[in-house]
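What follows is a set of notes on a single structure, which appears directly below.
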Amino acid sequence: MTEERLLICLQNGESIAFDILYDRYWTLLYKAAFNRIAEKDIAKDIVQEVLVSIWQKRTQLAIKTSLQNYLLGAVKMQVFNYFRSENIKQRVHGFVMDETGFIIDSIDESFSIQEVENELVLAIDNLPKNMKRSFLLRRENLSIKEIAVRLNLAEQTVANNIAEAVRRLRMELAIS
């Protein structure tokens with residue numbers, strides 16, 4: 001089946017076209033992703049996301065190049081998005097860990113540990129629902145992406161919630 005015919009069948013929702021697309025391009029796309037990421041599971045996930053996205057958007061596809069080049073470009077963009085997402089997660093993780101350590105280190109030693117824990121629990125309880133859940137899940141070492149999926153929020157929203165939670169906790173505990 002030619003690329004043109006495959007694309008037409010795909011746009012018409014013919015599932016056999018997706019099977020052919022998968023069989024024809026999966027290895028090529030996987031190699032392209034793996035060459036950029038060098039992690040098998042992540043490369044597989046990227047190819048899966050690209051192929052599922054193609055199927056989901058099949059009726060709106062407007063491919064101006066060859067299907068192969070289009071798919072390779074989509075993989076390249078997913079790899080870029082992955083690195084951007086990882087960069088955000090690393091920055092937020094570092095920020096949360098630094099700020100949490102700072103909060104604990106900055107507390108006046110005249111407080112007992114129990115008093116500090118009580119104040120912190122109360123301050124966390126006063127956070128808005130999604131902000132509180134984002135913060136607590138992050139403290140359980142879940143990634144920003146995992147939290148976003150679990151709470152059905154955008155990754156950037158989760159990152160913003162965590163940063164704002166840390167800011168509010170610092171203010172609530174009167175730490176400068």
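The values are calculated or read from the model by the stated rules, or taken from the named source; none is laboratory data. If you're wondering where the values come from, they're calculated on a predicted model, not measured in any experiment. Counting neighbours? That spans all protein chains shown, and the Cβs are built from the backbone with ideal geometry, glycine included.
Looking only at the stretch 125-135, decide whether some residue is at pLDDT 85 or above, assigned by TED's automatic domain parsing to the domain that holds L21, part of a helix (DSSP H, G or I) and surrounded by fewer than 15 Cβ atoms within 10 Å (Cβ to Cβ).
No, there is no match, as no residue in the stretch 125-135 is at pLDDT 85 or above, assigned by TED's automatic domain parsing to the domain that holds L21, part of a helix (DSSP H, G or I) and surrounded by fewer than 15 Cβ atoms within 10 Å (Cβ to Cβ).
Tell me, which helices (runs of 4 or more DSSP H) lie completely within the stretch 1-73 with 2 or more residues that are within 28 Å of F83 (Cβ to Cβ)?
15-37, 40-56
Return the only residue of I63, I175 being at pLDDT below 85, of a type in the set (A, V, I, L, M) and closer than 29 Å to R36 by Cβ.
Just a single option satisfies the conditions, and that option is I63.
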